[in-house]
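Beneath this line is the structure, given in structure tokens, with notes to follow.
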Amino acid sequence: MIDLPLKELPTAVVVGASHAGSQLAVHLRKSGWQGRIVLIGDENFLPYHRPPLSKAVMSGSKDAESIQLRPATLYESNQIELKLGVKVTALLRDSQQVECSDGERIRYDRLALCTGAHAIRLPLGQGLRGVFYLRTLKDVLAIRAHLSEVKQAVIVGAGYIGLEAAAVLRGMDIDVTVLERAERVLQRVTGEQVSGYFSELHKMHGVDICCGANVTSINGEHSVDSVRCADGSIFPAQLVIIGVGVVPEIQLAKDAGLVINNGIEVDEYGLTSDKNIFAAGDCCSHPAHLYHRRLRLESVQNANDQSRAVAVNMIALTEKYQAVPWFWSDQFDIKLQSAGLSQDFDRTEMEGSLNPADRSGFIVRYFKEGKMIAADCVNRPKDFMAIKTELASQLVQADRLSG
Ligand SMILES: Cc1cc2nc3c(=O)[nH]c(=O)nc-3n(C[C@H](O)[C@H](O)[C@H](O)COP(=O)(O)OP(=O)(O)OC[C@H]3O[C@@H](n4cnc5c(N)ncnc54)[C@H](O)[C@@H]3O)c2cc1C
């Protein structure tokens, strides 16, 4: 760092200490930022990997410490000041300061918003013991502490997180019912073949999957005892996990008058409508040439890759962020890996077996106007890597065409 009193040093403040924020702070130092870096997060843990929450942490095969993104010493050795358990309550853009819940105001030269997303809350079952959301380590530790009382569980929502939680609970010999309002599981993120496969996989393991189920109440006196649907069906449960999606955390940005457009709007450099404020990760949407539209992604790949580019751009605007989106999900002993985005496909090609008992897996490739736009691979890691490379070469072409 430059040898100047703390107050006079150029200062980069990063709000949100998770995948995007932690990566951004570390990469900013690696990229040559010589001033202060202050990383502020409102959770009380060192930045941690979120994906294991619905997998190994929930099952108990990993503990909180083993999912840390980086050891505490790495932040120290990179002279990154970590302020944990502290919420940024306001952005004061005129004076270039952030206001923190501990009363401190910190001046910034460059600010990065990595505020992520939070679980959508339903107006059901509030205050009942045994009703949980699944976004943070605190949520999962609370679920784990409750598990000894559970024989029957209901998962509301059959997205990735709901299905991963269902698989873990079933592995603990708990009776699990998944209630999904849509006509099929994973409807928002994949095509019918993959949805059908995961329904069958869960049924094969004894999970009760109910689609077209509209949950109207979550009942109990002090603790939850049942969930009721619009058609009158009642499902007994001592544990309910609600996983019906997330919304980007935009309040700070919105209150400060930044442009919002499906999350905080950023350009290809990760710059918001304020030239000193950047954003990365789940909280923002960016222009994606490959898809000819803006995207707001909810994945570790996007949080990591975008925040690396933004770290460079906080020093000088040189790195446009364009990447092939990819994602994975682990359910029972199955690994799904997806590359690209399959929405709007007009044709699919299928290779392998959709029978869940056949562990050799399959690939579904999605095409639009003759061009592959995405693929879902089950237990096919080598094919997944090859497909990712193919999509990346399309991206380079699309980038060239966009100038
Ligand atoms: C259970 C679960 C399983 C998942 N599994 C996968 C998977 O298998 N593969 C995959 O690719 N992705 C997975 N994801 C998604 C992935 O974890 C997210 O895309 C990723 O965490 C996004 O990182 P982020 O840093 O942008 O946001 P977040 O991880 O949401 O972090 C934002 C942080 O900012 C903090 N914050 C917000 N506002 C403020 C404020 N005002 N002041 C201070 N701090 C603030 C939040 O508390 C949070 O700690 C999973 C997510 C969950 C919840």
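The values are calculated or read from the model by the stated rules, or taken from the named source; none is laboratory data. Just so we're clear, the structure is a prediction, and the values are computed from it rather than from any experiment. A quick note on method: Cβ atoms are made from the backbone with ideal geometry, for glycine too, and the neighbour counts reach across all protein chains shown. Calculation scope for accessible area: heavy atoms of the full protein, side chains included, ligands and nucleic acids excluded. Shrake-Rupley method; radii C 1.70, N 1.55, O 1.52, S 1.80 Å.
Of the residues in the stretch 12-21, not one is over 17 Å from A280 (Cα atoms) and either assigned by TED's automatic domain parsing to the domain that holds L297 or modelled with pLDDT under 95 (or both). Does the stretch 13-24 contain any residue that is part of a helix (DSSP H, G or I), more than 19 Å from the chain's Cα centre (by Cα) and closer than 30 Å to L336 by Cβ? Taking every residue of the stretch 13-24 in turn, none turns out to be part of a helix (DSSP H, G or I), more than 19 Å from the chain's Cα centre (by Cα) and closer than 30 Å to L336 by Cβ.
Only one entry in E8, E81, E99, E43 is of a type in the set (D, E) and within 19 Å of the chain's Cα centre (by Cα), namely E43.
Considering the conditions (1) surrounded by fewer than 17 Cβ atoms within 10 Å (Cβ to Cβ); (2) in contact (Cβ under 8 Å) with a residue 60 or more places away in the chain; (3) in a loop (DSSP other than H, G, I, E, B), M350 is excluded by exactly one of them, (3). For the stretch 335-356, taking the residues that are modelled with pLDDT of 95 or more and among the aliphatic types (A, V, I, L, M), the one that is nearest to the ligand (Cβ to nearest atom) is identified as L336.
I'm trying to understand the selection: among the residues of the stretch 224-260, which are in contact with a Cys (Cβ under 9 Å, 6 or more places away or on another chain), in a strand (DSSP E or B) and more than 13 Å from the ligand (Cβ to nearest atom)? Working first, answer last.
First, the residues of the stretch 224-260 that are in contact with a Cys (Cβ under 9 Å, 6 or more places away or on another chain): 229, 233, 235, 248-250, 253.
Still in the list and also in a strand (DSSP E or B): 229, 235, 248.
C229, F235, listed by residue number.
Condition check ((1) in a strand (DSSP E or B); (2) not assigned by TED's automatic domain parsing to the domain that holds W33) across all residues:
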{"position": "D63", "(1), (2)": "no, no"}
{"position": "Y75", "(1), (2)": "no, no"}
{"position": "E81", "(1), (2)": "yes, no"}
{"position": "T89", "(1), (2)": "yes, no"}
{"position": "S95", "(1), (2)": "no, no"}
{"position": "G103", "(1), (2)": "no, no"}
{"position": "A112", "(1), (2)": "yes, no"}
{"position": "R135", "(1), (2)": "no, yes"}
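Per-residue answers, yes or no, for (1) closer than 30 Å to I143 by Cβ; (2) open to solvent by less than 70 Å² (accessible area, probe 1.4 Å); (3) within 9 Å of the ligand (Cβ to nearest atom):
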| residue | (1), (2), (3) |
| --- | --- |
| G16 | yes, yes, yes |
| G21 | yes, yes, yes |
| R29 | no, yes, no |
| L39 | yes, yes, no |
| D42 | yes, no, yes |
| S59 | yes, yes, no |
| S77 | no, no, no |
| S95 | no, yes, no |
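Considering the stretch 353-391 alone, what residues qualify as being of a type in the set (V, I, T) and open to solvent by 70 Å² or more (accessible area, probe 1.4 Å)?
T389
Search the stretch 248-262 for residues that are on the phi > 0 side of the Ramachandran plot and pair each with any residue that is at pLDDT 95 or above and open to solvent by less than 60 Å² (accessible area, probe 1.4 Å) when their beta-carbon atoms are under 6 Å apart and the residues are at least 6 apart or on different chains. Close Cβ pairs (under 6 Å, with a partner that is at pLDDT 95 or above and open to solvent by less than 60 Å² (accessible area, probe 1.4 Å)) amount to N262/S285; N262/R296.
If the condition is being buried (at least 16 other Cβ atoms within 10 Å of the Cβ) and of a type in the set (A, V, I, L, M, F, W, C), then the stretch 259-285 contributes I260, I264, V266, L271, I277, F278, A279, A280, C283, C284.
Would you please name the residue that is surrounded by the most Cβ atoms within 10 Å (Cβ to Cβ), looking only at residues in the stretch 145-171 that are among the charged types (D, E, K, R) and closer than 21 Å to P236 by Cβ?
The residue in question is R170.
Working only within the stretch 220-237, note down all residues that are open to solvent by 20 Å² or more (accessible area, probe 1.4 Å) and either free of Cβ contacts under 8 Å to residues at least 60 places away in the same chain or charged (D, E, K, R) (or both).
E221, D225, R228, A230, D231, G232, S233, I234
The residue of the stretch 114-133 that is nearest to the ligand (Cβ to nearest atom), among those that are outside any loop (DSSP other than H, G, I, E, B) and under 16 Å from the mean Cα position of the chain (by Cα), is A117. Residue-level analysis places R308 outside the set of residues that are within 11 Å of the ligand (Cβ to nearest atom) and either open to solvent by 60 Å² or more (accessible area, probe 1.4 Å) or basic (K, R) (or both). Is there a residue being closer than 28 Å to I161 by Cα and of a type in the set (G, A, S) anywhere in the stretch 89-104? No: the stretch 89-104 contains no residue that is closer than 28 Å to I161 by Cα and of a type in the set (G, A, S). Only a single item in (1) open to solvent by 70 Å² or more (accessible area, probe 1.4 Å); (2) touching a Phe, Trp or Tyr at 6+ places or on another chain (Cβ under 6 Å) is not met by K87, and it is number (2).
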